[in-house]
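The values are calculated or read from the model by the stated rules, or taken from the named source; none is laboratory data. Keep in mind that this is a model prediction, so the values were computed, not measured. Don't worry about glycine lacking a Cβ; one is built from the backbone with ideal geometry, like all the others, and counts go over all protein chains shown. Remember, those area values only see protein heavy atoms, side chains included, never the ligands or the DNA or RNA. Shrake-Rupley method; radii C 1.70, N 1.55, O 1.52, S 1.80 Å.
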Amino acid sequence: MSAAQLLRHSRKLRSLQNAVDCERSSLVRYFSSSSGSFIVKENGVGKRTGGTRLSKHSQPAKELETFSVGVNRSYTWTRASNSRIPSAVSGLNGSFSCGQVASARPFSSGADLPPHQEIGMPSLSPTMTEGNIAKWLKKEGDKVSPGEVLCEVETDKATVEMECMEEGYLAKIIHGDGAKEIKVGEIIAVTVEEEGDIEKFKDYKPSSSAEPVAPTESKAQPEPSPPKVEEKEASRTPEPKAPKTDEASQSGDRIFASPLARKLAEDNNVPLSSVKGTGPDGRILKADIEDYLAKGGQREAFAAPGLGYVDIPNAQIRKVTANRLLASKQTIPHYYLTVDARVDKLVKLRGELNPLQDASGGKKISINDLVIKAAALALRKVPQCNSSWMNDFIRQYHNVNINVAVQTEHGLFVPVIRDADKKGLGTIAEEVKQLAEKARDNSLKPADYEGGTFTVSNLGGPFGIKQFCAIINPPQSAILAIGSAEKRVIPGSADGQYEFGSFMSATLSCDHRVIDGAVGAEFLKAFKGYIENPTSMLL
């Protein structure tokens, strides 16, 4: 098919609904939520990422042509040698729908391998760059059908089931149960169409040209090159300069190290002063840090004599939580407002509603459910707190979606209650308990925790914490920390009389770029009003 014929299909390309109609090949987009690229391997074997498939051809791609289609969109297509059939198309702006793309039967470039599809690690969340294989639900040799779960993938936020997109047989599992830090796009398994072809993949290994595909990039590319450049620097270092290593490392207070080496040392708590640099003039390179860690340098540096300890590997959710909260404290100007609200009427209302819930077979309403409802209604009154900082503007949300912090043995999760301001207390109670159970089972799906606009964290009821300040969950601009209730002696209605009252502390952490002090105070005033007069939440 010539370039002129492809141009005649520009209307289909612009509509993002159809791909080029080709009798002898298929055009398939890289099925990622944040990418619009189509890829093909150099050896001609097509690659399928996250259940999608790319066309396969017997000749390696030799010629690359670029042409423009529509407004502000360009596409690149690769043509096999001695062939006029395009083997792949890459969209730099936008993505295609693969629902109407014609499917061609793939075939292998190697004479010893039958038709097969290589399944890559999918991008299962917008921020995912790598994942872990929790466990395979199918084993080698099993028949697979569309919709069946192949394996469970531990992403940066939860454990997600990965479904099969085509019928076939699971011929080879490249990364087994418990495999860690697999880059998005890296091949994890191979499927075939015929059962008799399974045995031919017993010793199959992915070719070295198969590079992981980053979820936010438009085409396949290798790992960032700076580490390789530094390694080459080390290999080209003249021998006579070796004696300068100790002098450079120990002269003065300044230690010379590459940015990548400094980052790796910081992540692993390695003091640069303990590392011997092998780069030019004693410069510490990434390879030096890796060698230091491989030799047990980290344990030597931090293991006090006679002190017993155990190193606990960080799960993916722990790493992501650490990075996000660190970035939040470093980049968001936090300030805190605290108010005490009397909860006697709230406790009384809960006591009246729960018998009705029991009679109707519903879940019991907790104090936290009432807090979520009060926070949602307060956000509706003060929508400035239901916003995000977007650098050039502030985005104010129409939906009030409340994330609820849930601590589990797997880490901290924040499932979301959508449109909490519009839901009844019984519905909120039901959803909170279901999502908390899924969080403890590590079975939350992206739809269960994405899209929140405000977060509530309660350490009072479960742990008896009186008051605390929470860290904002970006890109949100506020989080409400709820403490425990305590009885206090307060003045009565008449002179000289006193009475007891239960008070609960609530601390609002605010992003000062979005929420001014008076606005934050206005939110807490509205929240306190709903807590102290809870029947107004039922109106």
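How many residues are open to solvent by 70 Å² or more (accessible area, probe 1.4 Å), in a helix (DSSP H, G or I) and over 25 Å from ILE479 (Cα atoms) if we restrict to segment 313-361? Number of matching residues: 7. Selection of segment 418-457 for residues being in a helix (DSSP H, G or I) and hydrophobic (A, V, I, L, M, F, W, C) yields ALA420, LEU425, ILE428, ALA429, VAL432, LEU435, ALA436, ALA439, ALA447. When you scan segment 137-147, do you find a residue that is over 30 Å from ASN323 (Cα atoms), in contact with a Leu (Cβ under 6 Å, 6 or more places away or on another chain), at pLDDT below 90 and not assigned by the TED database to the domain that holds VAL414, even just one? Looking for residues that are over 30 Å from ASN323 (Cα atoms), in contact with a Leu (Cβ under 6 Å, 6 or more places away or on another chain), at pLDDT below 90 and not assigned by the TED database to the domain that holds VAL414, one finds none in segment 137-147, hence no. Has segment 142-157 got any residue that is within 14 Å of PRO446 (Cβ to Cβ) and basic (Lys, Arg)? There is at least one residue in segment 142-157 that is within 14 Å of PRO446 (Cβ to Cβ) and basic (Lys, Arg). Among residues that are of a type in the set (Phe, Trp, Tyr), surrounded by fewer than 23 Cβ atoms within 10 Å (Cβ to Cβ) and touching a helix residue (DSSP H, G or I) at 6+ places or on another chain (Cβ under 7 Å), TYR498 is not included. Evaluated against (1) in contact (Cβ under 8 Å) with a residue 60 or more places away in the chain; (2) over 24 Å from ASP197 (Cβ atoms); (3) surrounded by fewer than 18 Cβ atoms within 10 Å (Cβ to Cβ), LYS135 falls short on exactly one condition, (1). Among the residues examined, LEU272 qualifies as of a type in the set (A, V, I, L, M) and either modelled with pLDDT under 90 or under 24 Å from GLY460 (Cα atoms) (or both).
Taking the criterion of being farther than 28 Å from GLY196 by Cβ and open to solvent by 40 Å² or more (accessible area, probe 1.4 Å), the only residue of segment 158-177 that qualifies is GLU161. When segment 112-132 is filtered for residues that are of a type in the set (Asp, Glu) and buried (at least 16 other Cβ atoms within 10 Å of the Cβ), the ones remaining, listed by number, are GLU118, GLU130. Candidates GLY520, GLY529, GLY483: the one that is modelled with pLDDT of 95 or more and part of a strand (DSSP E or B) is GLY483.
State yes or no: is GLY529 surrounded by fewer than 14 Cβ atoms within 10 Å (Cβ to Cβ) and of a type outside the set (A, V, I, L, M, F, W, C)? Here the answer is no, as GLY529 does not meet what is asked. Every residue in segment 395-413 that is of a type in the set (Val, Ile, Thr) and open to solvent by 20 Å² or more (accessible area, probe 1.4 Å), please. Within segment 395-413, none qualify.
The residue of segment 458-472 that is surrounded by the fewest Cβ atoms within 10 Å (Cβ to Cβ), among those that are part of a loop (DSSP other than H, G, I, E, B) and in contact with a helix residue (DSSP H, G or I) (Cβ under 7 Å, 6 or more places away or on another chain), is ILE471. Evaluate the following for SER366: is it surrounded by 18 or more Cβ atoms within 10 Å (Cβ to Cβ), outside the structural domain of GLY483 (by the TED database) and either of a type outside the set (Asp, Glu) or more than 27 Å from LEU508 (Cβ to Cβ) (or both)? Here the answer is no, as SER366 does not meet what is asked. Filtering segment 362-412 to residues that are hydrophobic (A, V, I, L, M, F, W, C), farther than 30 Å from ARG318 by Cα and part of a loop (DSSP other than H, G, I, E, B) leaves ILE365, VAL382, PHE393.
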